[in-house]
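Only one structure is covered here, and it is reproduced in the block below.
The values are calculated or read from the model by the stated rules, or taken from the named source; none is laboratory data. Being a predicted model, the structure only gives us computed values, none of them experimental. No Cβ is skipped: glycine too gets one built from the backbone with ideal geometry, and neighbour counts run over all protein chains shown.
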Amino acid sequence: MTDDRPYTEFELEPQDLIRRSNLVLRVGHLMLGAGTSSLRVQQSMQRVARALGLDRLQAQITFTNIVATVHRGPIFRTQIGVVTTPGVNADRIKEIQRFSRELHPSMSADDIAERLDAIERRAPLHPSWLVTLAVGLACASVGFLNQTGGRDLLAVLLAGCASFMVHRRLLASRLNLFGAVAISTMVADVVYLALLMGLHGGRLGSVPHIAAGFMAVSIFLVPGFPLLTGSLDIARLDLQAGMGRIVYAGVVMLSMGIGSWSIATVVGLQPSDSPPLDLPSAAQWTLRVAASFLAVFGWAIMFNSPLRESVASAIIGIVGGVVRLGLLDAGVVAHLATFIGALVIGLTIHLVSRRLRLTRLIMLVPTLLVMIPGAPALRALLYFNSGDLMGALQNGITVVLQVLAMVCGLVASMMLLDRAWAFTRNDR
């Protein structure tokens, strides 16, 4: 007996393949939206595809897009996913990586979908007040490491907290990201300068370390995850994904520069090197250790990292920071000191993360953020604004060399200890 009824278009579609393809793309979309590198996105998608019984997965991943094709026998399906609001969620990266490693062939599509629902619904790990305070302390710590001291650190802390709260509110209102960055930077600088005037009797000219604090109050806006993951993508010759992240990071930092430059122009802030703090050696190194810990811990909390990763990152940040600062005190050029510090951090994180079963990527970014050369970047903008092209060029070259040294140190550490980085594979 034959069935002569007409089939609907829906019944003619490979529904099971569509369901599995959707799940593979959903994993990639969640990972990409959480800020991880294209390599980690691809690895998670591959694991889910194998667990779902798919024969092959081909994926092209950029900073905001995924084009994925799944194959099962002679049938294939291509889908496109778009991330409209790039962000960072370290806890989501960790949970999806752990979930993808625990997959096994006996899991059904319904089981995988249920696990992904639970991960997507996870609330932030830390309350808003704690995140705000952690960011403020991180800004003040970076200010100290850049020679800000005394009462001025209180101004940096409060201005950093105020700017962070404004930034979150602007993003929640769906304001254009680059506009939100510029406004948040201006808020940070205005609050900082206003507090300094109150602390110093209305005389900003008597503040010797004003430029260092001026940079530190908005350092939390530096796009650390896109900057480092983009550099890692480029190191693996994934140029399409890497260049998108690097361009995005560059535009965000340009927006920060426009905000700082605008306020600096209004108040007549002049570029200058901050004089060293007059502290005994033992006190200075004790405070450096504390500042390194608080800076890294603050960034990790801001990225929604679990507490174990946050504390481990902060401790490792002390190791790398002490090495780098010690080399600088010994007269080593800044970019070489930065390279060695980043290399030490990368090697230590690789070994510690394996031993303690921690997620390496979400530990790398906060530990390296304290090496971002914010002070010379600000001086380059101010020199350019005042027409001193040689001063702007000199500081600009310093910024480029230190950023390259930081990335090269990180890549070198990964190539030394990770075969996936040291050798290329054709079946990626």
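Looking at Leu157 and the list (1) surrounded by 23 or more Cβ atoms within 10 Å (Cβ to Cβ); (2) modelled with pLDDT of 90 or more; (3) closer than 24 Å to Val251 by Cα, which single condition is not satisfied?
Going through (1) surrounded by 23 or more Cβ atoms within 10 Å (Cβ to Cβ); (2) modelled with pLDDT of 90 or more; (3) closer than 24 Å to Val251 by Cα one by one, Leu157 breaks only (3).
With (1) surrounded by 23 or more Cβ atoms within 10 Å (Cβ to Cβ); (2) farther than 20 Å from Pro306 by Cα; (3) at pLDDT below 90 as the list, and Leu103 as the residue in question, which single condition is left unmet?
Result: Leu103 passes all but (1).
Hey, does the stretch 119-134 have a residue that's acidic (Asp, Glu) and more than 18 Å from Pro306 (Cα to Cα)?
For the stretch 119-134, residues acidic (Asp, Glu) and more than 18 Å from Pro306 (Cα to Cα): absent.
Failed condition for Phe76, given (1) farther than 30 Å from Val365 by Cα; (2) at pLDDT 90 or above, with all others met?
The one condition Phe76 does not meet is (2).
State the number of residues belonging to the stretch 241-261 that are farther than 23 Å from Met31 by Cα and within 13 Å of the chain's Cα centre (by Cα).
The number of residues fulfilling the criteria is 1.
Is there a residue in the stretch 238-251 that is in contact with a helix residue (DSSP H, G or I) (Cβ under 8 Å, 6 or more places away or on another chain), charged (D, E, K, R), surrounded by 13 or more Cβ atoms within 10 Å (Cβ to Cβ) and at pLDDT below 85?
Yes: one or more hits.
Just checking, how many residues over the stretch 363-379 are under 30 Å from Val266 (Cα atoms), in a helix (DSSP H, G or I) and either of a type outside the set (Gly, Ala, Ser) or at pLDDT 80 or above (or both)?
Result for the stretch 363-379: 4.
Please find, within the stretch 106-129, the residue that is farthest from the chain's Cα centre (by Cα) out of those that are among the basic types (Lys, Arg) and loosely packed, with under 14 Cβ neighbours inside 10 Å.
Arg121
Inspect the stretch 130-149 for any residue being under 22 Å from Val252 (Cα atoms), modelled with pLDDT under 90 and β-branched (Val, Ile, Thr) and give the result as yes or no.
yes
Restricting to the stretch 117-145, name every residue that is closer than 29 Å to Asp16 by Cβ and in contact with a Phe, Trp or Tyr (Cβ under 8 Å, 6 or more places away or on another chain).
Selection gives Ile119 alone.
For (1) more than 19 Å from Leu228 (Cα to Cα); (2) surrounded by fewer than 19 Cβ atoms within 10 Å (Cβ to Cβ); (3) more than 18 Å from the chain's Cα centre (by Cα), each residue gets a yes or a no:
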site	(1), (2), (3)
Val27	yes, no, yes
Ala51	yes, no, yes
Ile61	no, no, yes
Gly73	yes, yes, yes
Gly81	yes, no, yes
Gly87	no, yes, no
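Leu137 - would you say it is in contact with a Gly (Cβ under 9 Å, 6 or more places away or on another chain) and in contact (Cβ under 8 Å) with a residue 40 or more places away in the chain?
Answer is yes for this residue.
Go through Ser313, Ser255, Ser305, Ser292 for me and flag whichever is touching a Ser or Thr at 6+ places or on another chain (Cβ under 8 Å), under 20 Å from Tyr192 (Cα atoms) and surrounded by 20 or more Cβ atoms within 10 Å (Cβ to Cβ).
Just one listed residue meets the conditions, Ser255.
Which condition number in (1) out of contact with any Gly (no Cβ under 7 Å at 6 or more places or on another chain); (2) within 25 Å of Gly87 (Cβ to Cβ); (3) not hydrophobic (A, V, I, L, M, F, W, C) is the one that Gly396 fails?
(2)
Among the numbered criteria (1) surrounded by fewer than 18 Cβ atoms within 10 Å (Cβ to Cβ); (2) touching a Ser or Thr at 6+ places or on another chain (Cβ under 7 Å), which single criterion is violated by Leu277?
(2)
Residues in the stretch 24-33: is at least one of a type in the set (Val, Ile, Thr), in a helix (DSSP H, G or I) and either touching a residue at least 24 places away in the same chain (Cβ under 8 Å) or more than 14 Å from Ile112 (Cα to Cα) (or both)?
yes
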